[in-house]
Each structure stands twice: as structure tokens, then as C-alpha cells.
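Since every read-out is calculated from the coordinates, none of them should be taken as a lab result. Remember, predicted model here, so these are calculated numbers, not experimental data. Quick reminder, even Gly has a Cβ in these numbers, built from the backbone with ideal geometry, and neighbours come from all protein chains shown.
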Amino acid sequence: MIDWVVFVVAGAACLAGALGVIVSRHPVHAALNLVMTLFAVAVLFVAQEAHFLAAVQVIVYAGAIVVLFLFVIMLLGIDRQEDIRTETLRGQRPLAFLVVALVLAEILLLARTTWVTGADSLVAAASGPGSNIAKLGELLFTRYLLAFEATSVLLVIAVVAAIMLARRAPEHPDDLTGDEGQVEGPGPSAEPVVAGAPGDAAVPG
Amino acid sequence: MRVPGAWYLGLAAVLFTLGALGLLVRRNVLVMFMCVELMLNAVNLTFVTYARMLDDLGGQVVVFFVLVVAAVEVVVGLGIIVAIFRRRGTATADDVSLLRG
């Protein structure tokens, strides 16, 4: 009984947050609705005995990623609201609804057949003695060690990419990114970047 | 009494389609990114549900890796958005049309 209550409440919060992300006109409101969905998904993880993943979900998603979103919203100063009623690409919105409805119908149609096929507990049993986090950690450092190390390389690449992308415009304006600004011509957006490039390049770091 | 796994999978399917709908309908790049996160979360929920139904921890390990990749994707994606915004002064998908034929 209590399982059903948890499922219904968390599921409703999950879907309400997802709807809020789609319909809210202000990006900050969308981010806050996203937090609600992420928390609800964490609750659903707990309900399915994935305790470690629930904690990671709250820390990484609701903690780090949404804060990153909010930080970028603040940094860019996108405080103007988007008018979501107008449609710039004609016919895009009905087509989007149609495609999404088709996908949902297909998934739910498949739901009428058997969900799960195959053998149980091929990697390691989720139930049984021992805590969830201990068993998960043992798997990560034995069977999935190579993938684990690969993700660390991926994280290093992401850090380097973030630093490269967040730098100011390059010193030489005939670089690839500088070219784009020249093609654009003396537009209102391209001008301050090109003008500010030599001065900013003199500043170390 | 436990909730059957099929209910969780149905919920994940609806969540995924909501994320896809938002990605197709919205034009603010940041909100589109949030919709990608919704879809990733729906798939994570599916993995955890299958891990429970099959009594197999492999599904939970996959979710762990998906979390790492999602974090990387957000960092690089937001970096690109900031770079575009600096150059163009806009964060709307319609305005970035340099490659339009």
C-alpha cells in the first residue's frame, strides 16, 4: 500500500515538473521545475532500492547540473521571457505533437507484451546480503574497471573543453572563430567581441 | 505490496516523450537542454526498473555511467551556449542559422 502511495505521489511530481519545464516561459522557472522532476526520480530510485544512485542523483543532478544551468542563465542575463505561443517554423508544433504521440503509443503498445525477457542476475544479484553501495562499488572496481577509468578520461576532456570554450576570443582574428565574425559583418553583436579581442588577449590567464 | 515494474516503465515512457516534446517545441537553447536531461532521466529510471525486475546490478552500474556522461554533456553544451551567446548575443535556436542552405 505505502509503495503505491510513494509511486503515485513521486510519479505525479515527476510528470508535473516535466510539464513545467516545457510550458514555463521563464528559463529560471524551467530550471526549478527540473529540480522537482529530478527529486521525484530520486524518490523513485529509493523505492526501487537503488539507494546509492538516489544520493548521486540528488548530489550531481539537483546539486551540480541545475546550479550550472542557473549559473549560465544568470551569466547570460536571459531574463526576458520567451513568447512560446508564436511559431516561427510553420507546422513544426503539430508535427512535433504527432511524432511524440506516435512514439508514446508505440511504447505503450509494446508494454502490452512481455516487458522482461532473459536470464536473471547475469552480472550480480541486486537483492541478497550486503548493502547496495558495497555491491555497486565492488562491481565498479572489478568488472567495470575499464569503463570507470574511461569516464575519468572523459571528465578530463570535458574540463579542457570547458576551459577552451569559455576563453575569450583568440588573439589572431584570422582564426576559425574570428572568421565567422567577419562574415557576419559589422553587426551589433559581432562588433564588441572583435573590438575587445586584442585588449583581452593582453591580460594574462 | 510492491508496485509492478510495468508501471515504472510506463511512467518512464511518458517522461521520455515529454522531454522529446519539449525539445521539439521550445526554442530557448537552455530549456532544450533541460528537456534532454528529462529524457536522460527517463532512461535512467528504465534502467533502474529493469535492474529491479531482473535482480541484476548491471542496470544500476549503467545508470552511474549515464550520470557521468550527462554531467560532461552539460558542461560542454553550456560552454558552447556561452560561446555562441558571446558572439551572437542570443540564445535562441532560430537565430543561429549560419549553416542554413
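Listed values for segment B:40-51 are Karplus-derived 3J(HN,Hα) couplings in whole Hz (6.51 cos²θ - 1.76 cosθ + 1.60, θ = phi - 60°), namely 4, 5, 4, 5, 4, 4, 4, 4, 5, 5, 5, 4, and x replaces Gly and Pro.
Note on chain B: the alpha carbon radius of gyration divided by the globular reference 2.2 N^0.38 Å gives 1.34.
For segment B:1-100, applying the loop criterion from DSSP together with a ceiling of 11 other beta carbons within 10 Å to the trypsin sites (Lys or Arg not before Pro) yields B:R2, B:R100. The distance linking segment B:1-44 with segment A:120-152 is 26 Å (Cα centroid to Cα centroid, whole angstrom). Summed over all non-identical Cα pairs, the Kirkwood treatment of segment B:1-51 gives a radius of 11.3 Å.
Give, to the nearest whole percent, the P(r) tail of segment A:1-81 beyond 17 angstrom, counting all Cα pairs. Across segment A:1-81, Cα pairs with separations above 17 Å total 50 percent. Once the Cα-Cα distance is subtracted from the 0.36 nm per residue extended length, the A:E49 to A:S121 segment shows a gain of 24.4 nm. Computed over segment A:1-149, the P(r) curve from all C-alpha pair distances, binned at 5 Å from the origin, holds 2, 8, 10, 13, 16, 16, 14, 10, 6, 4, 1, 0 percent per bin.
Measuring max minus min along each principal axis, the C-alpha atoms of segment A:104-156 give extents of 40, 34, 17 Å (largest first). For segment A:140-155, 3J(HN,Hα) computed residue by residue from phi via the Karplus equation (6.51, -1.76, 1.60; θ = phi - 60°) reads 4, 9, 10, 6, 9, 5, 5, 5, 4, 5, 4, 5, 5, 4, 4, 5 Hz, glycine and proline entered as x.
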